[in-house]
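Participant: My structure is below; once you've seen it, I'll send some questions.
Just so it is clear, none of the values below were taken in a lab; they were calculated from the coordinates. Keep in mind the model is a prediction, meaning the values are calculated, not measured.
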Amino acid sequence: MPELEYGVGGSLAVRIDSVRLELSLTDWLRSAVATASDPAGSGGSFDLLSGAVFGCYAWRWLALDVGPCVEIEAGRIHAKGFGVSRRAEADALWLAAGGGILGAIRLTERWTLPLHLDLLVSLDRNDFLFQNVGGSVYKTAPLAGRLSAGVEYLF
């Protein structure tokens, strides 16, 4: 996305010994905006809905679980143009892979506070263009960072 974004989501995780597998879904709440230089006042707004699969290996130390993760993420970018004579909407695939660090603070036997810090590499860089206008409004970044935190209940 062209700007810093925030979202809300949920996840389901399974832990087998030190291995953690997680499936998450995130709705990025704010529409990001990118402007084009020509025509003046034109640009696009972008919304993202994404899902990710994580695989982590976590070591336990006192009340902390920490370890490396790998992940793959896929999503739908919905783009809307503005400031042009014929506004259009389009959907594009967001596909990325990467890795990061998982840290989880165990509050009790059942409640934890997990924290993911991840770096993703875009596998399919999209170019968002206006028809009959040179240059792009926005091109998907080659790298994306993400920090996510939550509250977790263990069954």
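Participant: Connecting C-alpha atoms closer than 10 Å in a GNM of the chain, tell me which of 119, 95, 64 has the biggest fluctuation.
Facilitator: Largest GNM mean-square fluctuation: 64.
Participant: Semi-axes, largest first, in whole Å: what does sqrt of 5 times each Cα gyration tensor eigenvalue give for the chain?
Facilitator: Working: eigenvalues 283, 37, 27 Å².
Rounded to whole Å, the semi-axes are 38, 14, 12.
Participant: Note down the Stokes-Einstein diffusion coefficient of segment 68-122 in µm²/s, whole number, using a Kirkwood radius over alpha carbon pairs, 37 °C, and 0.692 mPa s. Working shown, then result.
Facilitator: Details: Rh = 14.4 Å.
Rounded to a whole number, D works out at 228 µm²/s.
Participant: Give me a comma-separated list of calculated 3J(HN,Hα) values for segment 80-86, in order, Karplus coefficients 6.51, -1.76, 1.60 applied at θ = phi - 60°, integers in Hz, x for any Gly or Pro.
Facilitator: Here the 3J(HN,Hα) series is 10, x, 9, x, 10, 5, 10 Hz.
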